[in-house]
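Presented below is the structure to which this report refers.
The values are calculated or read from the model by the stated rules, or taken from the named source; none is laboratory data. In this text, all values refer to a predicted model and were calculated from it rather than measured experimentally. In this analysis, Cβ positions are derived from the backbone assuming ideal geometry, glycine residues included, and neighbour counts consider all displayed protein chains.
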Amino acid sequence: MMLTTSAAWFETSLAAARGSNNVRDYLQAFHAADSALTLCARSVVAAAAFESQPVASLSPGEPTQWKHEATFEAGAVVPVAQWPGSLRAPQCLIEAWRLGTRADARAYLLTSRGFGRTRESQVWLQMELVIAGEQIERHWRRVAAHPF
């Protein structure tokens with residue numbers, strides 16, 4: 001009876017340790033992605049102050065290049081060289097687009113990816129950034145599934 005109880009408590013302890021490690025990896029990846037998104041948004045806002053009017057040749061639909069691995073890896077910037085305890089540094093892809101209903105505004109889709117200790121522990125975050133004159137709108141969302 002004592003052996004069975006000890007084995008059950010041991011299995012419960014292992015499951016709790018695995019669960020807490022998974023939560024730690026997720027939180028680390030989330031904070032890495034969130035920081036990359038914030039840094040990218042700051043650089044876009046700073047650069048937008050020096051840009052001219054929006055480019056008319058941009059596609060009016062929401063950008064989808066972030067869904068393709070080769071395009072994401074080629075165009076993503078690394079706002080911080082290293083994230084402590086992560087497998088890789090967080091990345092951010094900046095895609096400009098034109099809003100069909102607001103021709104005077106500049107819009108950007110920012111997509112960031114943060115890592116935990118393993119490749120499987122990734123968090124993807126996005127922000128739609130709309131700049132119209134002095135007004136800046138930020139629309140944040142979490143990408144539920146990894147695109148690739």
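Odds and ends about this structure:
- Selection within region 113-138 - within 13 Å of the chain's Cα centre (by Cα) and closer than 16 Å to Val45 by Cα: Gln126, Met127, Glu128
- Figure legend. Inter-residue proximity from region 11-29: first residues in contact (Cβ under 8 Å) with a residue 24 or more places away in the chain and under 13 Å from Ser86 (Cα atoms), second residues loosely packed, with under 10 Cβ neighbours inside 10 Å and of a type outside the set (A, V, I, L, M), beta-carbon distance below 6 Å, spacing 6+ or different chains. No pairs are indicated.
- With respect to (1) within 15 Å of the chain's Cα centre (by Cα); (2) within 18 Å of Leu37 (Cβ to Cβ), the lone exception for Gln82 is condition (1).
- Those residues of region 97-125 which are surrounded by fewer than 18 Cβ atoms within 10 Å (Cβ to Cβ) and in contact with a helix residue (DSSP H, G or I) (Cβ under 9 Å, 6 or more places away or on another chain), in sequence order: Arg117, Thr118, Glu120
- Among all positions in region 95-113, there is at least one residue which is of a type in the set (Lys, Arg) and at pLDDT 95 or above.
- Pairing each residue of region 118-143 that is at pLDDT 95 or above with any residue that is in a strand (DSSP E or B) and polar (S, T, N, Q), provided the two are 6+ apart or on different chains, yields C-beta distances under 6 Å for Leu125/Ser112; Gln126/Thr111.
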